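Trainee: This is the structure, below, for whatever I ask next.
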Amino acid sequence: MPLPLRESIHKAKKLPRTDSVLMGRAELLAPGDRDLIEAVLIRSQPTVSLGRIMNVDPRKIRRRVHRLGKRIISRKFLDAARSLAYLGEEEAKLARLYYCQGIPQRQLAAKLQMSTHQLRRKLDKLGAEINAISRMRQGGQITTPGGG
């Protein structure tokens, strides 16, 4: 599966380069978060009008967009997103849910029907694997699948 982080996505979606990078990263977020990022950052919809539509205080929307923006530019998010193609199916799912979608550990443990202790052990192992993949990519030992 090719990663949506590749810079060539702007050609396919006919978006300016920065918008295409944002949308590529937003594709890894939960559907509601992705729609919010698209509305505010890509389509430049004012948070006041979104607040009216959603019946939510615009300040809450601005805070949520700010938190999502910080997440999609964080090193952990980028390393996890770039490592998805190298991980097994179960590890990739866990990385998407935890690092990309930001689901809290307690909620994630309940969703995956395991104890928080089991989840923490899996997350520790996954974090080490993602760090190793990231170091190998930076060292040029492996290349991105699909040439991106």
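Okay, residues lined up against (1) at pLDDT below 95; (2) within 18 Å of ALA30 (Cα to Cα):
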site	(1), (2)
PHE77	yes, yes
ARG82	yes, yes
LEU87	yes, no
GLN101	yes, yes
SER115	no, no
ALA132	yes, no
MET136	yes, no
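Trainee: Please list, ordered by first then second residue, the pairs with beta carbon atoms under 8 Å, 6 or more apart or interchain, first in region 32-44 and under 13 Å from MET54 (Cβ atoms), second in a helix (DSSP H, G or I) and of a type in the set (S, T, N, Q).
Mentor: As it stands, the answer is VAL40/THR47, since those pairs meet every condition given.
Trainee: For GLN107, which of the numbered conditions (1) under 22 Å from PRO31 (Cβ atoms); (2) modelled with pLDDT of 95 or more; (3) open to solvent by less than 100 Å² (accessible area, probe 1.4 Å) fails to hold?
Mentor: (3)
Trainee: Sticking with this structure for a sec: When GLY51 is evaluated against the numbered criteria (1) without any contact (Cβ under 8 Å) to a residue 12 or more places away in the chain; (2) part of a helix (DSSP H, G or I); (3) open to solvent by 40 Å² or more (accessible area, probe 1.4 Å); (4) not basic (Lys, Arg), which criterion, by number, is the only one it fails?
Mentor: (3) is the only condition that GLY51 fails.
Trainee: Separate question: Would you point out which residue out of ALA92, ALA132 is open to solvent by less than 90 Å² (accessible area, probe 1.4 Å), out of contact with any helix residue (DSSP H, G or I) (no Cβ under 8 Å at 6 or more places or on another chain) and more than 20 Å from SER20 (Cβ to Cβ)?
Mentor: On inspection, the qualifying residue turns out to be ALA132.
Trainee: Could you tell me which numbered condition THR47 fails, if it satisfies all but one of (1) in contact with a Pro (Cβ under 6 Å, 6 or more places away or on another chain); (2) closer than 23 Å to THR116 by Cα?
Mentor: Condition (2) is where THR47 drops out.
The values are calculated or read from the model by the stated rules, or taken from the named source; none is laboratory data. As the structure is a computational prediction, the values presented were derived from the model and not from experiment. Quick reminder, even Gly has a Cβ in these numbers, built from the backbone with ideal geometry, and neighbours come from all protein chains shown. Quick note on the areas: whole protein, heavy atoms, side chains included, nothing else; ligands and nucleic acids left out. Shrake-Rupley method; radii C 1.70, N 1.55, O 1.52, S 1.80 Å.
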